[in-house]
1. Per residue of the range 45-53, what does 6.51 cos²θ - 1.76 cosθ + 1.60 with θ = phi - 60° give for ³J(HN,Hα)? Whole Hz please, x for Gly and Pro, Karplus curve as stated.
2. In sequence order, what are the phi-derived ³J(HN,Hα) couplings for the range 140-154 according to the Karplus relation 6.51 cos²θ - 1.76 cosθ + 1.60 with θ = phi - 60°, rounded to whole Hz, with x for glycine and proline?
3. If you take the alpha carbon radius of gyration of the range 83-167 and divide it by 2.2 N^0.38 Å, what ratio comes out, to two decimals?
4. Between K107 and V230, what is the label-to-label distance in nm when each label sits 7 Å out along the Cα-to-Cβ direction?
5. Given the C-alpha atoms of the chain, compute the convex hull and give its volume per residue in Å³.
6. Consider a paramagnetic label point 7 Å from the Cα of K158 along Cα→Cβ; state which residues of the range 28-43 have an amide N under 18 Å from it.
7. Could you tell me what percent of the accessible area of the chain is made up of carbon and sulfur, with a 1.4 Å probe and every protein chain present?
8. Rounded if a/c is under 1.5, else prolate if a/b beats b/c, else oblate: with a ≥ b ≥ c from the C-alpha gyration tensor eigenvalues square-rooted, which is the range 60-121?
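The values are calculated or read from the model by the stated rules, or taken from the named source; none is laboratory data. Source: prediction; values computed, not measured. Virtual Cβ from ideal backbone geometry, glycine too; neighbours counted across all protein chains shown. SASA here: full protein model, heavy atoms, side chains in, ligands and nucleic acids out. Shrake-Rupley method; radii C 1.70, N 1.55, O 1.52, S 1.80 Å.
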Amino acid sequence: MRYILVIFITFSTLFSAELILTGTVISNNQKMIPARYMGYVKKINFEVGDSVKREDTLFELESAEFDILESQADLALEQAKLMLDVYKTRVNVFKKRKSRLKRDRKKMPAFDFRANMEDLNENIEDISASIESAQVLVEQASEKTKQFATIAGYLKVKAPNDGIVVERRIQVGDMVAPGMLTMILVDMNHLEIEAEVAESDLKYVRRRKVVDITIPSLNYRASGYIKAIVPSANPMAHTFKIRVHFEKTNDMIFPGMYAKVYVDLTNELANKI
């Protein structure tokens, strides 16, 4: 009887075995916010810890050089449009003269009519060519102003997605350059757990395998699945990283929290037996 009881306890222990991994909650969508234009920080709209929505303006830059170039582009466009309007007015004047000349054709000698008509046609052709040139200038100036409008968008740096500002590296008055890291934004709605697996235990994990997870500080328990096994070993500890996906149902879960992952070994041990 005692022998049977020992066997029963042994089998129960084997079939309830599990691999316990320690890990950390991380965000699967962390954004590094760089500057895309050189200038001085004029205004910062959010502090560390603030929640932002997509397209919210994080901060604004000012640039004297940009303001000068933008004013020059706007002036060039206005001048080109004004020139085009002048040429259109002049061609309309000559066309009206041509209409009156045709109407009064019988009141003047044929020679005078032909001479005046030739002069008017030449003037109309010359002004029409000038109109075409002015239209080209207007198009070029318009493209220039569109370019500056795009750059103006760079001066107002917007949030690429919803999240929380977890780091801010700029202050009002700072000079920033293109590519300089200014803020770090973390998406709180796409969290995962990153854990390390010993090389000897790697045979027990596989993608899409369902696991249990806990966050001890919150007494939080949930189920998830192994999303990825990173094929890059730590040469010192001989461990591999895994990513566990889970559905966040508690607003108090933040990146950096300590977590545990429980991998059920029942099937693996049963197969060995």
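1. 9, 9, 10, 4, x, 6, 8, 10, 9
2. For the range 140-154, the Karplus curve yields 5, 5, 5, 4, 5, 5, 5, 4, 6, 5, 5, 5, 4, x, 5 Hz.
3. Working it through for the range 83-167, the quotient is 2.15.
4. Placing both labels 7 Å beyond Cα along the Cβ direction yields 9.3 nm.
5. Numbers: hull volume 67.1 nm³, N = 273.
In the chain, the Cα hull volume divided by residue count equals 246 Å³.
6. The answer is 31-37, 43, whose backbone nitrogens lie closer than 18 Å to the label point.
7. Values: 9330 of 17380 Å².
C and S fraction of accessible area: 54 percent.
8. On the way: a/c = 11.10, a/b = 5.56, b/c = 2.00.
Judged from the Cα gyration tensor, the range 60-121 comes out prolate (a/c at least 1.5, a/b above b/c).
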